[in-house]
Structure formats: structure tokens, C-alpha cells
Amino acid sequence: MTHDNNHYSHRTGWLRAAVLGANDGIVSTASLIIGVASAHAAADDILLAGVAGVVAGAMSMAAGEYVSVSSQSDTEKADVALEQYHLEKYIDFELQELTDIYIKRGLQPELAAQVARELMAHDALDAHLRDELGLHERVNAKPVQAAFTSAGMFILGASMPLAATIIAPATHIIPAVAASSLLSLTALGALAAHLGKANILTGAARVVFWGALAMAFTALTGTLFGIII
């Protein structure tokens, strides 16, 4: 038996953005189309709503990811600058701080002090960012990557219910969109779980549950609106 020493936490950043984008693309677009169709709108109006939802949703995802991840990046940069200042002004305190961290992790005081001295001699800033602040790179956050990943995956996810709307007869748009979207969500949840080495059944079930719930609520909203008007 070979020893698998590969770890998967390094996938967290792009995997989160990709899954979030694709999931939102499927759920929001399908829900929008089903809601409008439930109000007995014309086929052209349903398709227009779907296309508008894809464009608006993709831009919203890109903007939201960029802003949120930029805020994270700004915070990380501020922490780096503050740690650099502390190392310049309070080197002895920083050495003791790092030593105390290693003692809390189980090292004997003498060994902890030796490790702290050697790591700080090699790269003091890197040692403190990693072991004091938990930053394993100088700046982890990548706003542009997150924005493009989320927007691209949103469009990919949204293309499934949109394609069903185009292909299906006008009288069968709702079941076609619902079926294609639930199948897409199942595949997405299973793939995300597989890439993260999580339980595939659990990953697929939770994505499908929330997607189905969203579509059910928008269908109810559209139906009520169609009755009122």
C-alpha cells in the first residue's frame, strides 16, 4: 500500500470561489426562470429574465468577491506592516512571544527558545506571520483571481437552466429547468466533495436541498403574483 501524503486544504480558496459561483449561477438563474414562468409570463419574457439574471448575477459575483477578498488582502497587508514595525522596535519582546507560542504547542522552554532564535535568524517576519498570525504566505488573498473564478463559474452554472429554457417547449419550461438544475447541483456537490475529499453523498445532498428550496419558494412567489395580477 502506498502512502498518500497529499493534502487538500490548499484547494480551499479557489474551490470555495468556484463552488460558490457555480452553485449561485444554477440556483439563482433557475429560481428566477421558474418564478417568472410560474407567473404565466410569455416564453420570450422568461428567456429575457434568465439572460438578464445571468449577466447581473455574474457581475454581482465578480464585484462581491473582489470587494470582499480585497478587504481580506488589505487586512493581511496591514498585519504584515504592523509585524515588521514590531520586529524593528521590539525584537526581544517578539522573540519571547514566539518562544511562548512554541511552549504552548508542547516544546520545552529551552528548545522553544532555540527554535524561535533560529527561525527568526533565518526569516523573522515569515516566522511570526506563520506561527503568530497564521499567514502561510505574505499575502494569501487574491481578489482578481476570486472575482474571475466566481463570475466564470456563475456563467457556467447558469448556462444549465438557461439552456433548458431555450430547448424546452413553453409548456414544459418549469419541469425542464427544475430537473436540469437539480441534476447539475447534484453533479456540482459531488464534484466539490470529491475534490475536497469529503463525503460525496453529503456534499451532493446539501447542495440539492438548498437549491430545491430556493426554486420552490420562487415558484410559490411567481404563482401568487400570477394570481394577484
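The values are calculated or read from the model by the stated rules, or taken from the named source; none is laboratory data. Keep in mind the model is a prediction, meaning the values are calculated, not measured. Virtual Cβ from ideal backbone geometry, glycine too; neighbours counted across all protein chains shown. For the accessible areas, the whole protein counts, side chains as well, though only heavy atoms, and no ligand, DNA or RNA atoms are used. Shrake-Rupley method; radii C 1.70, N 1.55, O 1.52, S 1.80 Å.
Does the range 131-139 include one or more residues that are closer than 22 Å to Asp79 by Cα, in a helix (DSSP H, G or I) and open to solvent by 60 Å² or more (accessible area, probe 1.4 Å)? Step through it out loud before you land on a result.
Quick first cut of the range 131-139, residues closer than 22 Å to Asp79 by Cα only: 131-139.
Those still in the list that are in a helix (DSSP H, G or I) too: 131.
Narrowing the set further to residues that are open to solvent by 60 Å² or more (accessible area, probe 1.4 Å) leaves none.
Scanning the range 131-139, I find no residue that is closer than 22 Å to Asp79 by Cα, in a helix (DSSP H, G or I) and open to solvent by 60 Å² or more (accessible area, probe 1.4 Å), so the answer is no.
Got a number for residues in the range 33-71 being assigned to a helix (DSSP H, G or I), hydrophobic (A, V, I, L, M, F, W, C) and over 15 Å from Ala176 (Cβ atoms)? If you could, list the steps in order and put the result at the bottom.
At the first step, the residues of the range 33-71 found to be assigned to a helix (DSSP H, G or I) are 33-38, 43-71.
In the following step, the residues that additionally are hydrophobic (A, V, I, L, M, F, W, C) were identified as 33-34, 36-37, 43, 46-49, 51-52, 54-56, 58-59, 61-63, 67, 69.
Now drop any that are not over 15 Å from Ala176 (Cβ atoms), which leaves 48-49, 51-52, 54-56, 58-59, 61-63, 67, 69.
Qualifying residue count, the range 33-71: 14.
Listed here are the residues, each with its yes/no results for (1) of a type in the set (Phe, Trp, Tyr); (2) touching a residue at least 24 places away in the same chain (Cβ under 8 Å); (3) open to solvent by 60 Å² or more (accessible area, probe 1.4 Å); (4) outside any helix (DSSP H, G or I).
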{"site": "Tyr102", "(1), (2), (3), (4)": "yes, yes, no, no"}
{"site": "Ala113", "(1), (2), (3), (4)": "no, no, no, no"}
{"site": "Leu119", "(1), (2), (3), (4)": "no, no, no, no"}
{"site": "Thr149", "(1), (2), (3), (4)": "no, yes, no, no"}
{"site": "Pro161", "(1), (2), (3), (4)": "no, yes, no, no"}
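Within the range 72-100, which residues are open to solvent by 60 Å² or more (accessible area, probe 1.4 Å), part of a helix (DSSP H, G or I) and of a type outside the set (D, E, K, R)?
So in the range 72-100, the residues open to solvent by 60 Å² or more (accessible area, probe 1.4 Å) come out as 72, 74-75, 77, 82, 84-85, 88-93, 96, 100.
Subsequent filtering for residues that are part of a helix (DSSP H, G or I) retains 72, 74-75, 77, 82, 84-85, 88-89, 91-93, 96, 100.
Passing the criteria: Gln72, Thr75, Leu82, Gln84, Tyr85, Ile91, Phe93, Gln96.
Farther than 21 Å from Asp44 by Cα, of a type in the set (A, V, I, L, M, F, W, C) and open to solvent by 60 Å² or more (accessible area, probe 1.4 Å), is that true of Leu183? Before you say what the answer is, go through the steps one by one.
Numbers: farther than 21 Å from Asp44 by Cα: yes; of a type in the set (A, V, I, L, M, F, W, C): yes; open to solvent by 60 Å² or more (accessible area, probe 1.4 Å): yes.
Answer is yes for this residue.
What are the residues in the range 191-213 that are closer than 17 Å to Ile26 by Cα, open to solvent by 30 Å² or more (accessible area, probe 1.4 Å) and at pLDDT 90 or above, if any? Show your work before the answer.
The first filter runs over the range 191-213 and keeps only residues closer than 17 Å to Ile26 by Cα, leaving 191-192, 203-213.
Adding the requirement that they be open to solvent by 30 Å² or more (accessible area, probe 1.4 Å) leaves 191, 205-206, 208-210, 212-213.
Within the range 191-213, Ala205, Arg206, Val208, Phe209, Trp210, Ala212, Leu213 meet the criteria.
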